[in-house]
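Let me begin by presenting the structure, written as structure tokens, before commenting on it.
The values are calculated or read from the model by the stated rules, or taken from the named source; none is laboratory data. Bear in mind the structure is a predicted one, so any value in this text is a computation, not a measurement. Note that we place each Cβ from the backbone using ideal geometry, even for glycine, and neighbour counts take in every protein chain shown. The accessibility values were calculated without ligands, DNA or RNA, using every heavy atom of the protein model including side chains. Shrake-Rupley method; radii C 1.70, N 1.55, O 1.52, S 1.80 Å.
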Amino acid sequence: MNETMICAVGNVATHPVYRELASGPSARFRLAVTSRYWDREKSAWTDGHTNFFTVWAHRQLAANAAASLAVGDPVMVQGRLKVRTDVREGQSRTSADIDAVAIGHDLTRGTSAFRRTNKPDGGATSPRPEPNWESPAPESSDADGQRPAREPALT
């Protein structure tokens, strides 16, 4: 199936609205994406047209987006573009929605601290032990196959 996947870079324009639905958690927010261009006459960057998208997140992405995003945050959203046309009160309206696959803060404009979320109740699993990153001491032997006695450490 052909889908239009996009990556939009912009700012969170509305506070994320989180809902628990029968199909699972869902969240939505508006994303403002403003193009910028170099104006040669002014020798400065100039803001162009602003596009607004409604971003939809589902399941764990919805919960994480609602907990992590605030109005004005610079973000990157990857997902499926869906353009819809409705007729309301005799007027035709077109809206562009993004069904998000991934959402993240735009680190070119600031810093972010990642925190892993707890997994949903899918059974208790023990955390994996930290790997031993130390290299084992090399094994050596003398001519008769015997291991030599350790030399005293230098102080």
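Brief remarks follow.
- Single match in Thr34, Thr111, Thr85, Thr50 (criterion: of a type in the set (Val, Ile, Thr), in a loop (DSSP other than H, G, I, E, B) and surrounded by fewer than 16 Cβ atoms within 10 Å (Cβ to Cβ)): Thr111
- Options Arg115, Arg88, Arg109, Arg84; residue that is under 20 Å from Met5 (Cα atoms) and either modelled with pLDDT under 95 or among the aromatic types (Phe, Trp, Tyr) (or both): Arg84
- If you go through segment 10-31 and keep only what is within 14 Å of Arg59 (Cβ to Cβ) and in a strand (DSSP E or B), you end up with Tyr18, Arg19, Glu20, Leu21, Gly24, Pro25, Ser26, Ala27, Arg28.
- Within the set Ala44, Ala70, the sole residue that is small (Gly, Ala, Ser), out of contact with any His (no Cβ under 6 Å at 6 or more places or on another chain), in contact (Cβ under 8 Å) with a residue 40 or more places away in the chain and open to solvent by less than 80 Å² (accessible area, probe 1.4 Å) turns out to be Ala70.
- A count restricted to segment 1-52 and to residues that are more than 16 Å from the chain's Cα centre (by Cα) and among the aliphatic types (A, V, I, L, M) stands at 8.
- Out of Pro25, Pro16, sole residue that is more than 20 Å from His105 (Cα to Cα) and surrounded by 17 or more Cβ atoms within 10 Å (Cβ to Cβ): Pro25
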